[in-house]
1. From zero outward in steps of 10 Å, how is the percent of C-alpha pairs of the range 112-209 spread across the bins?
2. Angle, helix 294-319 long axis vs. longest principal axis of the chain, Cα atoms, 0 to 90°, nearest 10?
3. Taking the dipole about the Cα centre of the range 286-484, with the C-beta of Lys and Arg at +1 and of Asp and Glu at -1, give me whichever of V456, H320, G309 is farthest to the positive side.
4. Identify, among P39, W75, N56, the residue whose Cα sits farthest towards the positive end of the charge dipole of the range 35-211, taking +1 on the Cβ of Lys and Arg and -1 on the Cβ of Asp and Glu, with the dipole about the Cα centre.
5. When a footprinting reagent is the concern and you count Cβ atoms within 10 Å, what order do W253, W193, W390 take, fewest first?
6. Could you give the dipole magnitude of the range 28-139 about its Cα centre, charging the beta-carbon of Lys and Arg +1 and that of Asp and Glu -1, in debye to the nearest 20?
7. Take H274, H351 and order them by how many other Cβ atoms sit within 10 Å, fewest up front.
8. Mind giving me the nanometre distance, one decimal, between the label points for R212 and L334, set 7 Å out from Cα along Cα→Cβ?
Amino acid sequence: MSTAPDLAHRPAARRSTGSTSAEDRPAASRPGAPPGLLPVVLAATFMTSLDVFVVNVAVPSLQADLGAGPAVVQWVMAGFSLALAAGLVTAGRLGDRYGRRRVFGLGLALFTLASAGCGFAPTAAALVGARVAQGLAAALMGPQVLAILRTAFSGAAQARAFARYGLTMGVGAVFGQLIGGLLIRADVLGLGWRSCFLINLPVGLAALVLVRRCLPESRAPRRPGLDPVGVLLVTAALTGLVLPLIQGPQLGWPSWTLLCLAGSVALLAGFAVHQHRTRATGSPLVDTGLFRSRAFGAGLLAQLAFWLGQASFFLVLALHLQLGRGLDAFGAGLVFTAIGVGYLITSNAVHRVAERLGGPRTITLGGLSMAAGLGLLALAVYGAPAAGVWWLAPGLFVDGLGMGLVIAPVTSVVLAGVEPRLAGSAAGVLATVQQVGGALGIALIGLLYYGAGDPVAAFGRSVTALAVLELVLVGLVRLLPRRA
């Protein structure tokens, strides 16, 4: 029997690669993760998730305060999402090469600084610039969080870690509007909308202090190259894909948006060819061997289907509550708590459910629950359009139950079978699919919503389509390996 694997784990061999990462040891011999690891990385996850949604609440007051026009306001929201989506794949490679703790810490510091820039922005243009910087910083953090969870934990501990990750993402998304409404209503120190961004400062600074103490460093055993051609191709392709998806619905799909979409397809095809060729001769940005794994490929499709529905559902629900039901942002945020209660119940127990049923069956149960919840919403809208807003609560609660059963398992299924050396690359692809799915879902469901005219009918049509989408998710789960 060859002794090469044993030699590879001697200290001298680790020094020769320039890495002291946990991936240089077999999973069974890794020490336990530091107790503060999860709070630190999940603090970053919460801030990122919160900032995607909290800005919706801040828009009216910041528009009045800064004298911002509609186009600038769109970029306050779009700049963050565009920068985040375009940078995730490259950020995953940076973590593999330079160390995930190091890149995470850099992203956390930049995100905290950019949040201060948003909170103290003197003009609308400065706010847009700070939001773009926030998105780039969030892109640096996102893949590192997933890769750290993948490499620092194994077995049941890894399932629990991903369950906490899913819980944190959902809390930021579901309660973002309520948190923003509370901050603006409290008007602490007269800050108004600025507090929605400045709240990140104490959280970010506290997490920064703990990064070196609580996060073990990890990187790919052999430092991969940066693949500059791949970086340029994928950044241009994702920008060309996400920008028209964000701007197209508001602008009526002018010709440049369609040209960008066509160009992004060509660039993505060129990127795929380049990665395949580079895999044989060098270090590709995304190892195409990842897609040979059935769990990875099918899991990405399931991720895409799930995130197609999530961001778009939150958007049409917020529009329905405020335009169709006449609630203010705080009142709409209170209605969102019906989703949050269901989500908290299942997301806290999902790792135990997955241990008993397996990941695919848990995702199936969650998808069916979400479809049932959305169906109840459609019945409430069509059956009793003049009824009080809390008639929506049962459907929202059931939908929240389903969400809690999907987010963590569908993420862990994709990453669990990935080799640790490819964890950063895989995490970058996974996070990118989440962002692209969200942007695409908003564009497609937005067409249904705005095409209906009447706000109540628009919401009914949208949730019916989203219920069908959840059934598509259930169908895609059948492509996953049964033991995933």
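1. Over the range 112-209, the share of Cα pairs per 10 Å bin runs 14, 36, 34, 13, 3 percent.
2. It works out to around 30 degrees.
3. The Cα lying farthest towards the positive end belongs to G309.
4. Highest projection toward the positive end goes to P39.
5. On the way: W253 15, W193 26, W390 12.
Starting with the residue having the fewest Cβ neighbours, the order is W390, W253, W193.
6. Working: 7 positive and 3 negative charges, 113 e Å.
Computed about the Cα centre, the dipole is about 540 debye.
7. Working: H274 19, H351 22.
Ranked by crowding around the Cβ, least crowded first: H274, H351.
8. Going from the R212 label point to the L334 one covers 4.8 nm.
The numbers here are math on the coordinates, done by the rules we state, and not lab data. Computed from a prediction, not measured in an experiment: that's the story for all the values here. Here the Cβ is made from the backbone with ideal geometry for all residues, glycine too, and neighbour counts use every protein chain on show.
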